[in-house]
Each structure stands twice: as structure tokens, then as C-alpha cells.
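Only the coordinates and a few stated rules stand behind these numbers; no lab work does. What you are looking at is a predicted structure, and each value in this text was computed from that prediction instead of being measured. Glycine gets a Cβ as well: all are built from the backbone with ideal geometry, and neighbour counts include every protein chain shown.
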Amino acid sequence: MGNYSFSDIIKSSFLAEVQAVSLSRLITTLVLTFLLGVFIVAVYRLTYNGVLFSWNFALSLLLLGLVTAGVILAVSSNVILSLGRVGALSIVRFRTAVKDAMDTVFMFWAIGAGIMAGAGYITVALAATGITGALFLGATVLRQTITSRAYMIIVRYEPGAQGVREALAALKTCRLRSESLTGREEELVAEARLSARTFPQAERLRDLPGVLRVDIVGYNGDTML
């Protein structure tokens, strides 16, 4: 048996990796994954309904897809080393809490696109990502068209003002949330689902005698918009 130095082992391992994954395949896969990630981020931005849009999370979707595609390329190039790489990845834990379930869905979407692109299923990656995005955009537009949106209505008025409660009750989906009574003014906070037809009815609250101020704030169930 011949004597092999450490440098010979490194060179042979490096050559084996280069032969397994060509530079052209690596660049093509990463560029494709990046374009898929840009599309996913665009869909996320168009359908975002939270309080404050986070560009850090949007960029993390891009990076998540690229990293996943790179890992899949590395794992598929060497079956023996793939077990160690997968084992190393299994110890990774995410400490950041995801507040919105939809954010988790987009993370899985970015990971799935990276897996398909890294495994070489180019057509599947393009078709699956494109069709998923189109269907999700269509469902979002349909939901916004046929459904009403939740609002918090805050009415401040002079003590003894008449007609405020009756006007709120006229909004069929209105529910009283809180009431504040002081010597100088009173405040009612109500939740209502308003559409384009019923929104002007809520705006007319400001014309009632004794009403000092009316605030109508978008509400997604947890936080003000």
C-alpha cells in the first residue's frame, strides 16, 4: 500500500466534490432558487396583513431558500457524508418566536422551493412555486372582495349625549368592547365588521350632537393596524 499524506487526502476529497457538483450546476441552482425566493417575498409583501412589515424576515426567506438548496446539493453529491451533515443540521434550534402562523407557512414554502431546486427538479420547482403563488394571491383577493374587515370604533362624546349607543347598535355586526366614564367625557370602544357599504354609516357617528371624536382603526383580531 502506498503512503498518502494529509494533503493528498484533502486534494482527492476536493476533486471528488468538484466532480460531483459542477460549478455550472451550482450557479444555476442558486440563481434559480434566488428568483423563486424573490417571487415568494413578492407574494408575502402583497398579501401581508400585519402591523409592521419586516424586511429582515423577507430577506431571511431568500437566504433560507438559498441555504436549503446548497445543503441539498451537498447531501446529494456524497451519500456517505450526507448522514453526518443531516445529523449536524438536526441540532439546530430556532429561538425566535414566530407570531403569525402565515409566516411559518412562507418559511416552509421557501424551504420547499430550495429542496426542489437543489434536488434538480427545476420544472417542478418553477411550476409548484408559480401555481402556489397564483392560487394564494387569487384566494387573498377573493377574500378581500367578498368579506368585510374588522375595525375598532372609538367614540368620545360629552356626558349625556343622545344617540351614540343607538347608532352603534345600528351596525349589525357591532359589539361593545369597553366603556370609560369620566366627569368631562365618555368613551365607547366597539368592534365591528365594515364593508364598503356600511363604512359611511360608521363615519356618520361624528355628526351626532355631543360627539367629540370618532376613531375607526383597522383590526386583525390581535393588534391594531
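Based on the Cβ-Cβ distance of Ser54 and Val217, what FRET efficiency does E = 1/(1 + (r/R0)^6) give at R0 = 22 Å, to the nearest 0.05?
For R0 = 22 Å, the calculated efficiency reads 0.55.
Hey, any idea what Rg/Rh is for the stretch 149-218, computing Rh the Kirkwood way over Cα pairs?
0.94
Under 14 Å from the Cβ of Glu185, count the other residues' Cβ atoms, weight Lys and Arg +1, Asp and Glu -1, and hand me the total.
Surrounding charge for Glu185 is -2.
Subtract the Cα-Cα distance of Leu142 and Phe39 from 0.36 nm times their separation in residues, and report this length gain in nm to one decimal.
On the way: separation 103, 0.36 × 103 = 37.08 nm, distance 2.03 nm.
In short, 35.1 nm is gained.
Please list 3J(HN,Hα) in residue order for the stretch 24-34, calculated via the Karplus relation 6.51 cos²θ - 1.76 cosθ + 1.60 where θ = phi - 60°; whole Hz, with x for glycine and proline.
Here the 3J(HN,Hα) series is 5, 5, 4, 5, 4, 5, 5, 5, 4, 5, 5 Hz.
What's the ranking of 185-195, 62-72 by average number of surrounding C-beta atoms within 10 Å, highest first?
Details: 185-195: 17.3, 62-72: 20.2.
Taking the mean over residues of other Cβ atoms within 10 Å, the ranking is 62-72, 185-195.
Give me the extension gain from Arg25 to Leu181: residue separation times 0.36 nm, minus the current Cα-Cα distance, reported in nm with one decimal.
My answer for the length gained is 49.2 nm.
What is the spin-label model distance, in nm, from Phe108 to Met152 if the labels are put 7 Å beyond Cα along the C-beta direction?
Once both label points are built, they end up 3.1 nm from each other.
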